[in-house]
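The block underneath contains the structure these notes are about, expressed in structure tokens.
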Amino acid sequence: MSDMHGIEKRRRVRKDGTVRVTYRVRWVDAGGERRAKTFTDLARATEMRDRLDTLAVSIAAGPPARATMTVTDLRDRWWNEHVQVALAPRTITNYDLGWRRTEPHIGRQLAASVTRRTIKELRETLRHEGLGRGSVNYALSVLHAIFAHGLEDDVVDFNPVAGVRRLPTRPRRPQARNIPSLAAVERARAHATHQLGAPMTATIIALGVLTGLRPSEWRALHWYDIDLDARYLCVDKVAEPDGSLRPGGKTAGAERTVRILPELCEDLAAWRAMTPYPGALDPVFPRADGTTMRDEDYRRWATRKFRPAFAAAGASASPYTLRHIAISLLIQEGRASLIDIAVRHGTSIEMISRHYAHVFAAYDSTRIDLCEELAQARALAAAMEPANTPSQGRCGHGEPVE
């Protein structure tokens, strides 16, 4: 005979003479309100009763916060003690989005009462709401981090998200990178200079393809980071979405020095003589007001200046493509080791090996002279581009980023 303590058995005789038996479980929630749930199956009622008893023992054995802390409260503690202290603004924005997708469904529940079944039901609810598999998995990852923080603080006994499988996603098919040639890059530079009146865009293209800096890195460059006489630049910070600067760069705070070719030194010197913001503390590629590009400025520039320049050159590219071209050129040149390429570009050997294996295979025996290739590409682009440079725009450099 089943243990019926804490379960109220109720019998109701219908008009047709049949009997309906239900089982009710009562409890008091974290807010002090009386709650009840009715089951038609005794096994489910018993499971609910046992879960409530286990929760009561857990609350009694733990710190006082267990009795009142909801999932939202736990998230707020995690947010204040870890996220805002240790993470970058872009990561904070992504975490906030993941949390907002789950908060309406789980936020008011007592954190200590959340089980794997709760998380599994949440996973299915998010899918039924039309959320993609990747988005659901990301939301669960945010919850996993929240409960891991609560586990450290002894607010919960275990992490309920850890035992729930993520939704299967389609494996990404390796895509062959359609990297524009150096000749196409130089045609784009020439078009930006002569047809678009965009010398800043031309300089960014040269910098990207000859150094491999990420857009967030070249947006954070100031003139004091560049030594044209010694021919090197220092990468020690990145630009955040709001235009603020975060020290340390993308790769775990590692500062790196990048050697630059004489041709790039000439390009940078010409741009510095042209820009209205040539001071040591000024950004190399500023907005119209002399401040660092924000994300919206960067996207607008890419749409209005960068992509049209490459389209005119018969190529399709994004600003990040310049980094791929730079790495490919170093591989083709064959002078730098795999370690040197990884260090120069602030990445790992594993990443270089995985994403550029086809370049290594194609240029295993054929080498190029980068300086010679660059000179030929620039001469050809100059010969093909009509020399009808439009008038300079305001501030004297033709393309202020507003």
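The values are calculated or read from the model by the stated rules, or taken from the named source; none is laboratory data. The shown structure was predicted, so the numbers you read here are calculated from the model rather than taken from an experiment. All Cβ positions, even for glycine, are placed from backbone atoms using ideal geometry, and neighbour counts span all protein chains on display.
If the condition is being part of a helix (DSSP H, G or I) and either within 21 Å of Arg214 (Cα to Cα) or not assigned by TED's automatic domain parsing to the domain that holds Thr203 (or both), then the stretch 274-295 contributes only Asp295. Take Phe306 and decide whether it is among the hydrophobic types (A, V, I, L, M, F, W, C), in the same structural domain as Thr203 (by TED's automatic domain parsing) and modelled with pLDDT of 95 or more. In short, yes.
Here His128 qualifies as farther than 15 Å from Asp73 by Cα and out of contact with any Ser or Thr (no Cβ under 6 Å at 6 or more places or on another chain). Pairs linking a residue in the stretch 245-258 that is in the same structural domain as Arg231 (by TED's automatic domain parsing) and over 22 Å from Ala230 (Cβ atoms) to a residue that is modelled with pLDDT of 65 or more and among the basic types (Lys, Arg), with Cβ atoms under 8 Å and 6 or more positions apart or on different chains, are Leu245/Lys237; Arg246/Lys237; Pro247/Lys237; Gly248/Lys237; Lys250/Arg214.
Check whether at least one residue in the stretch 83-99 is in a loop (DSSP other than H, G, I, E, B) and touching a helix residue (DSSP H, G or I) at 6+ places or on another chain (Cβ under 8 Å), and report yes or no. Steps first, answer last, please.
Quick first cut of the stretch 83-99, residues in a loop (DSSP other than H, G, I, E, B) only: 87-88.
With the extra rule that they be touching a helix residue (DSSP H, G or I) at 6+ places or on another chain (Cβ under 8 Å), the set shrinks to 87.
Checked against the condition, which is being in a loop (DSSP other than H, G, I, E, B) and touching a helix residue (DSSP H, G or I) at 6+ places or on another chain (Cβ under 8 Å), the stretch 83-99 yields at least one hit.
Checked against (1) crowded, with 22+ Cβ neighbours inside 10 Å; (2) in a helix (DSSP H, G or I), Tyr224 passes all but condition (1). Scanning the stretch 236-273 for residues that are assigned to a loop (DSSP other than H, G, I, E, B), touching a Lys or Arg at 6+ places or on another chain (Cβ under 8 Å) and not acidic (Asp, Glu), we see that the one that is modelled with the lowest pLDDT is Lys250.
Of all residues in the stretch 363-400, those satisfying the criterion of being outside any helix (DSSP H, G or I), closer than 23 Å to Asp289 by Cβ, at pLDDT below 50 and touching a helix residue (DSSP H, G or I) at 6+ places or on another chain (Cβ under 7 Å) are His397, Gly398.
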